[in-house]
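Notes follow once the structure below has been shown.
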Amino acid sequence: MNVEHMSVTELTQEIINLQPTLRVFTHRFTRDRDESLDLVQDTLMKALMYKDKFKEETNLKGWLFTIMRNTFINNYRKTQRARTSNDDTKELYHLNVKDDHTFNGPDKKFEYEDIWKNVHELKEEFLIPFKMHTSGYKYHEIAEHLNIPIGTVKNRIFHARQEIQKKLTGYY
């Protein structure tokens, strides 16, 4: 929708009228209803706040989708940074506590190496999505990065897990 010679009131109304379209578009980013509603609300708020930045020859829907995408990315980055923790204890107590829940023991080291040996033996089409997923990427991010459908991503990760489990248990 190209908007030409529109008053501020008309532009505001057009932005608000696109709310249902924006809500549908949020499913590209999140499947959670509350997150979706928050993202639409943040997008509308920013669009209305910065409506003076809108250029009349610009596609309004595209402008709103860009605001939404950027809002999602910024929120995602903010969340990732918030998950980083600092150890402010005396002599870095938390960082120096013995960790019995990881692969620190000698026997665990071999289990860890065996798991990753089997992971790296996967076909590349399974390996890349699996490693991205275990690194914290969400399905939609992997799909977008690899330019494949999200269903294909889920399928490849599922098959990667099955392959690894078969190799580790000895059932081929």
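The values are calculated or read from the model by the stated rules, or taken from the named source; none is laboratory data. What you see is a predicted model, and the numbers here were worked out from it, not measured in a lab. Don't worry about glycine lacking a Cβ; one is built from the backbone with ideal geometry, like all the others, and counts go over all protein chains shown.
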Checked against (1) at pLDDT 85 or above; (2) farther than 30 Å from Ile148 by Cα, His94 satisfies every condition except (1)
Please go through the stretch 135-157 and give me each residue that is exposed (fewer than 12 other Cβ atoms within 10 Å of the Cβ) and in a helix (DSSP H, G or I), ordered by number. Gly151
So if I check each of Asp87, Asp107, which one is among the acidic types (Asp, Glu), outside any helix (DSSP H, G or I), at pLDDT below 65 and more than 26 Å from Gly151 (Cβ to Cβ)? Asp87
Where residues in the stretch 54-81 are at pLDDT below 80 and assigned to a helix (DSSP H, G or I), which of them is farthest from Leu39 (Cα to Cα)? Arg81
